[in-house]
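Data first, discussion second: the structure below is written as structure tokens.
Laboratory data are not the source of any read-out in this text; all were calculated from the coordinates shown. Not measured: the values here are computed from a predicted model. Neighbour counts are summed over all protein chains in view; Cβ atoms, including those assigned to glycine, are modelled from backbone coordinates with ideal geometry.
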Amino acid sequence: MPDSASGTADSHSPAAPAAVRHLLGLEGASGERIHRWLDDAEAFLSSDGAAVAAEEARPLRGRRVANLFLEDSTRTRVSFEAAAVNLGAEVVNLSGKGSSVSKGESLLDTARTVAAMGVDAVVVRSGASGGPRQVARHLGVPVVNAGDGRHEHPTQGLLDLLALRRALGELRGRTIGIVGDVANSRVARSDVHGLVAVGATPLLIGPPTLVPCELEGLAGRGGPLERSHDFDAVLPRLDAVVMLRVQRERQAGGAIASDYARAFRLDRRRLESMPEHAVVLHPGPANRGFEIEPEVADDPTRSLVVAQVRLGVAVRMAVLSALLGPS
Ligand code: NCD
């Protein structure tokens, strides 16, 4: 998978040198490839897990990265910016509001315009599934998907896997609950592809409206993937839970019943029903008190929420340096 507008970048493929490399999704990535991304991210971390700048080398000095965020973002946008700056690159930021996108200009025309001004890579967040892939087809520079519609959010998937690998060690054979609005979540899709690739079992948990049976196809043919509509029943089997926000901006509001929070909120009682080693993730932004109780989100030993944000910078450093660095 060298390239490409068709999937996950692989800088180590023999076919890669001539091709422009992109990271568009984790679907189709091998477990080996995913562990290499995580190892590369580890190389940017200090022993306490805080991201560190590539002080000596600044391998992307003189390069320019454009952040094209046509959907709102706090963590991902700042994280990509911090990653690029840590590597010595310059960053150009563009959002939907305040740009000609608000006058109706398309994502592709926007990306082409920005690229024509001289950028070496484009990070794209778009409300349209497939938006970054379309940009990748037409631009001669690496494209990184920073979240497209309900489709994928590969760097979030990688940082979730890194947080899980650091907390649990071996991921093969682990059962990871993904809880809530799975149907509308690009994070869930990237997590599922990544978890299946490394030999873990994703267990999708939520009401039938948000965890419909069609999602079983996500793991690909034969991939281990389970579903449950009964959170309490599966808690003792979970090595970790990824809690998701209900994505009202994607019309998920109508799909939730009035007892949703009672049935699927992660509170202290549910945390204590999980094995002692089990950890809690949330990609943010969290609706505290709705899908997760504040005391669980802030639990100093079980919650990885802050660690996820820190690790995200290192993951994005790994991705940007692999796509922009020497083949
Ligand atoms: C997520 C996203 O935008 O997909 N957040 C993130 O990138 N950290 C999840 C969400 O918006 O709920």
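Worth a mention:
- Over all other residues within a Cβ to Cβ distance under 15 Å of Pro300, the charged ones net out to -3, with Lys and Arg as +1 and Asp and Glu as -1.
- Sum of side-chain charges, Thr201 neighbourhood, beta-carbon under 14 Å (Lys, Arg +1; Asp, Glu -1): -1
- The Rg/Rh ratio of the chain, with both radii computed over alpha carbons and Rh defined as the Kirkwood radius, is 0.96.
- Taking the C-alpha atoms only, the angle from helix 186-197 to the longest principal axis of the chain is near 90 degrees.
- Asp267, Asp191 arranged by Cβ crowding within 10 Å, fewest neighbours leading: Asp267, Asp191
- For the chain, the longest principal axis of the C-alpha atoms and the axis of helix 75-86 are separated by about 40°.
- Reducing segment 121-157 and segment 212-257 to their Cα centroids gives an inter-centroid distance of 24 Å.
- Three principal axis lengths of segment 167-218 [C-alpha, angstrom, descending]: 33, 17, 16
- Estimated from helical segments only, the mean residue ellipticity of the chain at 222 nm is -9500 deg cm²/dmol, where each DSSP H run of four or more residues counts as -39500 (n - 2.57).
- Interatomic Cα distance distribution for segment 93-213, bins of 10 angstrom, percent: 13, 36, 27, 19, 5
- Projecting the Cα atoms of Asn86, Gly157, Ala200 onto the dipole axis of the chain, where Lys and Arg carry +1 and Asp and Glu carry -1 at the beta carbon, places Asn86 farthest toward the positive end.
- Principal semi-axes of the equivalent ellipsoid, √(5λ) from the alpha carbon gyration tensor of segment 172-327, are 24, 19, 17 Å from largest down.
- Note that segment 220-301, at 10 °C in a medium of 1.306 mPa s, gets a Stokes-Einstein diffusion coefficient of 115 µm²/s from its Kirkwood radius over C-alpha pairs.
- For the chain, DSSP calls about 5 percent of its internal beta bridges antiparallel.
- Across segment 25-86, Cα-Cα distances exceeding 15 Å account for 65% of all pairs.
- Only one residue of Pro275, Leu108, Phe290 has its Cα farthest out toward the positive end of the dipole of the chain, where Lys and Arg carry +1 and Asp and Glu -1 on Cβ, and that residue is Leu108.
- Taking other C-beta atoms within 10 Å as the exposure proxy, Val85, Val242 rank Val85, Val242 from fewest upward.
- Within the chain, longest stretch clear of exposed GluC sites (Glu not before Pro) (DSSP loop, no more than 12 other Cβ within 10 Å): 57-169
- Size of electric dipole in the chain: Cβ of Lys, Arg +1 and of Asp, Glu -1, about Cα centre, debye, nearest 20: 600
- Subtracting the Cα-Cα distance of Asp298 and Arg250 from their residue separation scaled by 0.36 nm leaves 14.6 nm.
- 10 Å Cβ shell holding at most 13 others, DSSP loop, trypsin sites (Lys or Arg not before Pro): longest site-free stretch of the chain: 222-327
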